[in-house]
Amino acid sequence: MALIPQRRSQHRHDDLTVFEKSFFNSSFVIITHWNGNTFSHSVFHDTLTARSEHRGVIVHMTGTPSTREIVETFTAARGRNDADAISALLAENVEWHPPYAVRPRPFVGRDRVAKALTGSTTGAILDVDSIKREILETVVDGDTGVVRQLMTATLHSGGEYRNEYCWVYHCADGQIVRLFEYGDSLATARAGFVPLRSGE
């Protein structure tokens with residue numbers, strides 16, 4: 001099957017020029033690197049792996065991963081607390097909306113959201129290395145994915161944190177553009193993330 005170039009773009013990343021080529025063949029991605037002296041080539045059969053390996057450098061990729069692929073790859077990256085892989089799947093202006101009782105304003109921007117998701121919002125309360133997430137259910141409809149999961153962790157103050165969450169992901173162009181988080185805000189408050197009111 002002949003390869004017909006679809007798009008070509010050039011980017012700078014860590015002193016490396018990345019020439020991206022997309023072809024009318026959704027089975028693989030070819031990335032050509034030019035370091036000023038020689039060319040090297042990387043071939044990926046999984047567009048999400050290609051994006052993660054190059055830390056979000058890839059903009060024009062062969063085909064577009066499905067919402068389920070995006071969501072499942074993202075939740076797996078969160079399970080590893082892999083900041084690079086998480087960042088690669090977030091749109092530049094992504095918005096994360098936590099439960100209103102915990103934070104009334106969203107986190108905005110890839111770097112800020114990735115940092116918050118990988119420990120900056122939980123590290124003061126939880127032992128990040130002890131966090132475990134069990135996926136209970138994943139539902140996908142069009143560009144929206146919903147994941148119900150159980151999270152457990154060890155509190156710095158002692159004891160166990162246990163909360164069931166529901167995450168809603170809105171995707172576009174192979175990345176996550178909005179995240180909505182729902183959980184037991186009372187359990188969150190009792191853990192110390194937000195102040196408890198009298199009687200709670």
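The values are calculated or read from the model by the stated rules, or taken from the named source; none is laboratory data. Small disclaimer: the values here were computed from a predicted structure and weren't measured. Methodologically, a virtual Cβ is constructed for each residue, glycine included, from the backbone with ideal geometry; neighbour enumeration extends over all protein chains shown.
Cβ-Cβ contacts under 6 Å between residues 6 or more apart (or on different chains), taken from a first residue in segment 131-146 that is hydrophobic (A, V, I, L, M, F, W, C) to a second residue that is modelled with pLDDT under 95 and outside any strand (DSSP E or B), are listed as Val140/Thr67; Val140/Arg68.
With the structure loaded, tell me whether Val140 is closer than 16 Å to Trp96 by Cα and either among the aromatic types (Phe, Trp, Tyr) or out of contact with any Cys (no Cβ under 9 Å at 6 or more places or on another chain) (or both) or whether it fails that test. Considered against the rule, which asks whether it is closer than 16 Å to Trp96 by Cα and either among the aromatic types (Phe, Trp, Tyr) or out of contact with any Cys (no Cβ under 9 Å at 6 or more places or on another chain) (or both), Val140 comes out as no.
Yes/no per residue for (1) within 30 Å of Gly158 (Cβ to Cβ); (2) of a type in the set (Asp, Glu):
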{"position": "Phe74", "(1), (2)": "no, no"}
{"position": "Ala77", "(1), (2)": "yes, no"}
{"position": "Ala83", "(1), (2)": "yes, no"}
{"position": "Glu92", "(1), (2)": "no, yes"}
{"position": "His97", "(1), (2)": "no, no"}
{"position": "Arg103", "(1), (2)": "yes, no"}
{"position": "Pro106", "(1), (2)": "no, no"}
{"position": "Asp143", "(1), (2)": "no, yes"}
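Residues of segment 119-134 that are surrounded by 15 or more Cβ atoms within 10 Å (Cβ to Cβ) and touching a strand residue (DSSP E or B) at 6+ places or on another chain (Cβ under 6 Å): Leu126, Ile131, Arg133. Give all pairs with beta carbons closer than 6 Å in which a residue from segment 88-99 that is in the same structural domain as Thr73 (by TED's automatic domain parsing) and crowded, with 19+ Cβ neighbours inside 10 Å meets a residue that is among the polar types (S, T, N, Q) and part of a strand (DSSP E or B); count only pairs at least 6 apart in sequence or on separate chains. If the second residue must be among the polar types (S, T, N, Q) and part of a strand (DSSP E or B), the pairs left are Leu89/Gln175; Ala91/Gln175.
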